[in-house]
Amino acid sequence: MLNRKRITVLNTVIIFGFLAIFFRLTDLMVFNHKNLSEKARLQQIKAEDIQVRRGNIYDRRGREFAVNVDLESLYCDAGEVSIDHKRLADLSAVLGTSPKAIKATFRPDRRFVWVDRKLRPEEAKKIKKILGMGAESGTGVKGFGFLPEPQRFYPKGKLASHVIGLVGLDNQPLEGLELKYNKYLTATGGKVYLPRDASGKMLSPGVDLEAKGNDILITIDEGLQYIVEKELDIAMEKWRAKAAVAIMMDPFTGEILALANRPTYDLNKLGNVSKREMRNRAITDIYEPGSTFKIIVGTAALEKKLVNTSTLFDCSKGSIEVGGKIIRDAHKHGMLTFKEVIQKSSNVGSIQLGMRLGKERIYEYAKLYGFGDLTGIDLPGEVSGWIRKPDKWSATSIGAISIGQEVAVTPLQVLRAYSAVANGGYLVEPHVVSEIRTHDGETVFSFGEPRKKRVVSSRTASIFKDILKTVVEEGGTAEDASVDGNQVAGKTGTAQIVDPATKRYSREKFVSSFVGFVPADKPELAMIVVIYEPRGQIYGGIVAGPVFRSIAAQSLSYLNVPREDSLEKNILLVWK
């Protein structure tokens, strides 16, 4: 009887024991499975953030401007590292640092520490030999390993550097499209997972890189960009200039075909690059445009029907007084028609135009053309420039502003204004990115139909276009900007720079420019060339005009645009 009671008690204890185990297992395996699995994973695997894989950047024809290459980075498990003095000295020699600095990375509290990152292939090879990696078991240094990391590489080097921009060591965006479109280029990040055994020792690491960012297609054409930069280099050397800018744009769509600045820099060599070299002067630097600003009084007077091409202006004195200040022409003229005022870039005639218009109308048309406002180009750092409201003008302002003084503009703003004449009267939105695609080719963004705003009538644009053609003909200020076989329309600019010390216009420092489009009647491209502080000559027609001609001639050939004189001969032969 006693034995039966003992057996019953024992069975009851056993049953309750199994029930307790069952409920505990149920709790662990069902109710707390997720939390416990995550804890186990965190104990078994160490996750370290690594750099994101950025999308590529391509030109309008699919040629690479920014890509990724995998380089090896050296890391260590500080708790396991044991290295002798000789190997440490050899390692420091390859890495170009001191043994003490390397030892400082061996922190016992860290199981994953970068020793050096993004090593050149030859450096990684030497380090592997020093550490005995790949040698027989027991002969190598424990605790070290290599991981692949994406390094941004720019196959074209300096080409279009101010457009493409760059990233830092950790792929953080610093300039250009890399900065402006960073959220599209990066998409997702990445991690490396380092598995460990029960004692915490590292097992063979596995690498898991998440999907790379989106690819960007830009409007820049590598061939046109090369032509522009080559000719800018020649101009910089010839005129010993301080700086230079050239922008080429499709006047109908606003697509930037080429954009270059001098000084420049190599995107792959950032060691001693200065802020001056990195400045995108095309959109960040303002200057007084001089005579290229005469597009305002010229087209406004036509639009308001205050003049026609034959309207006469008395410029015989060679000077005019405005608010007690005498403003002169560079060369003395007699009676000039409205067309000749623009062709010969007469300050006296342009100021008379401005006086007929009045300050309210001048300001109105300057704002219509976008001066004093951002163009909206998709590059970082653009400035708006400025033009004061009429109630802030002085007695001399109407004369100064009529000839491009007392206003501050960017080269891109001037180009956009002349593109409006080229395309029949519309202000377009300049842009550099045409499309964004996923790595699999799915379209994320497309620029689509260009946004445009009418600023002058097609009649006014057509008349002023014909006048701009005469600027590069005999008697005009830019005969050296003419292109053999194709007609050019454009305007010169020669502007004094204000000396910051005296607050007066310098007699030695000038900005020389030429802006135009070609072929004049059916423009394929519009372009501005700005040369800052040239030496030896100052006039836009002499300094910047020939640069425009050289770039335009080569670009038309590159784009297979036929010569107009050849077309005329063919038409004549067919007619005969």
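The values are calculated or read from the model by the stated rules, or taken from the named source; none is laboratory data. Being a predicted model, the structure only gives us computed values, none of them experimental. Backbone-built Cβ (ideal geometry, glycine too); neighbour counts: all protein chains shown. Keep in mind that these areas ignore ligands, DNA and RNA; they rest on the heavy atoms of the full protein, side chains included. Shrake-Rupley method; radii C 1.70, N 1.55, O 1.52, S 1.80 Å.
Overview of values
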| read-out | value |
| --- | --- |
| Check on V115, at pLDDT below 90, outside any strand (DSSP E or B) and either farther than 21 Å from K212 by Cα or open to solvent by 50 Å² or more (accessible area, probe 1.4 Å) (or both) | no |
| K491 crowded, with 24+ Cβ neighbours inside 10 Å and of a type in the set (D, E, K, R) | yes |
| Any hit, the stretch 134-153, residues being at pLDDT 90 or above, among the acidic types (D, E) and either open to solvent by 30 Å² or more (accessible area, probe 1.4 Å) or not in a loop (DSSP other than H, G, I, E, B) (or both) | no |
| Residue within the stretch 100-107 that is part of a helix (DSSP H, G or I), at pLDDT 75 or above and not hydrophobic (A, V, I, L, M, F, W, C) present | yes |
| Cβ-Cβ under 7 Å pairs, at least 6 apart or on other chains, the stretch 64-93 side on the phi < 0 side of the Ramachandran plot, far side at pLDDT 90 or above and open to solvent by 60 Å² or more (accessible area, probe 1.4 Å) | F65/K156; V67/F153; N68/F153; V69/F153 |
| Helices (runs of 4 or more DSSP H) lying entirely in the stretch 465-576 (those with 2 or more residues that are under 32 Å from the mean Cα position of the chain (by Cα), of a type in the set (A, V, I, L, M) and under 25 Å from I296 (Cβ atoms)) | 540-543, 545-558 |
| Subset tally (residues that are in a helix (DSSP H, G or I), open to solvent by 50 Å² or more (accessible area, probe 1.4 Å) and not acidic (D, E)) for the stretch 313-353 | 1 |
| Strands (runs of 3 or more DSSP E) lying entirely in the stretch 167-247 (those with 3 or more residues that are surrounded by 14 or more Cβ atoms within 10 Å (Cβ to Cβ) and modelled with pLDDT under 95) | 190-195 |
| Counted residues, the stretch 440-464 - those being within 15 Å of A420 (Cα to Cα) and under 33 Å from the mean Cα position of the chain (by Cα) | 12 |
| Exclusive hit being open to solvent by 40 Å² or more (accessible area, probe 1.4 Å) and modelled with pLDDT of 70 or more, set A93, A47, A78 | A93 |
| Pick from the stretch 443-462, criterion modelled with pLDDT under 95 and hydrophobic (A, V, I, L, M, F, W, C), ranking: least open to solvent (accessible area, probe 1.4 Å) | F447 |
| In the stretch 445-470, residue farthest from I377 (Cα to Cα) [restricted to those that are out of contact with any Ser or Thr (no Cβ under 6 Å at 6 or more places or on another chain) and among the β-branched types (V, I, T)] | T470 |
| The stretch 525-559 - residue that is among the aromatic types (F, W, Y) and more than 16 Å from D250 (Cβ to Cβ) and, of those, surrounded by the most Cβ atoms within 10 Å (Cβ to Cβ) | F548 |
| Selection from the stretch 354-372 of residues that are farther than 28 Å from G318 by Cα and surrounded by fewer than 19 Cβ atoms within 10 Å (Cβ to Cβ) | E364, K367, G372 |
| Qualifying residue in the stretch 57-65 (condition: open to solvent by 40 Å² or more (accessible area, probe 1.4 Å), assigned to a strand (DSSP E or B) and either among the basic types (K, R) or closer than 25 Å to H162 by Cα (or both)) | yes |
| Output for the stretch 242-289, where each listed residue is more than 24 Å from P519 (Cβ to Cβ), in contact (Cβ under 8 Å) with a residue 60 or more places away in the chain and of a type in the set (S, T, Y) | T264, Y265, T284, Y287 |
| Residue count, the stretch 496-524 (criterion: open to solvent by 50 Å² or more (accessible area, probe 1.4 Å) and of a type in the set (G, A, S)) | 1 |
| Verdict on K465 being of a type in the set (K, R), under 20 Å from L415 (Cβ atoms) and either out of contact with any Cys (no Cβ under 9 Å at 6 or more places or on another chain) or open to solvent by less than 10 Å² (accessible area, probe 1.4 Å) (or both) | yes |
| Matching residues in the stretch 389-437 - criterion: being among the small types (G, A, S) and open to solvent by 10 Å² or more (accessible area, probe 1.4 Å) | S394, A395, G424, S434 |
